[in-house]
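Working notes, structure below.
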Amino acid sequence: MKKIKLINALKKTARDLDKGCDYEWGHMGRCNAGCLVQNLIDKTDKQISNMLNNQLDEWSEYAKEYCIGTNDNVQDLFDRLHSFGLSHQDIIHLEYLSDPNILSQMSENRRYLQKNNAQDVSDYMRCFAKQLESV
């Protein structure tokens, strides 16, 4: 059931990005991971930023730094993401649009994505959802 929620959140986030939602790669609640988290756990961009305490600059830094029990809000958030099947490595890949398994499923001309381009993020999320559906 949680995998289905993740797939649906990926698809919804892709649609939101296509429609021009508030997207800002440098903002913890409106970046690649932040936009997905908004839809996955039903939090606003401000709530997500507050959960992360703005101590670090990127989701990838949180994923690397807060692996086990070092910060309650951050750990709670990553525990929730993990319960949907997202690993710390998945978050890092999402932030940089870099998972080789997802990229290999994209068309040849879409394999070199820009981490801060909303259309590239949307395409990546759709491909991620498609990959999850096939497993």
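Give the calculated FRET efficiency between ARG110 and SER87 to the nearest 0.05, with a Förster radius of 22 Å applied to their Cβ-Cβ distance.
Values: r = 24 Å, r/R0 = 1.07.
With a Förster radius of 22 Å, E is 0.40.
Under 1.5 on a/c is rounded, so check that first for segment 87-127, then, if it is not, pick prolate when a/b is larger than b/c and oblate when it is not; a ≥ b ≥ c are the square roots of the alpha carbon gyration tensor eigenvalues.
Because a/c hits 1.5 or more and a/b fails to exceed b/c, segment 87-127 counts as oblate.
Read-outs: derived from the displayed coordinates by stated rules, not from any lab. Keep in mind the model is a prediction, meaning the values are calculated, not measured. We place every Cβ from the backbone using ideal geometry, glycine too, and count neighbours over all the protein chains shown.
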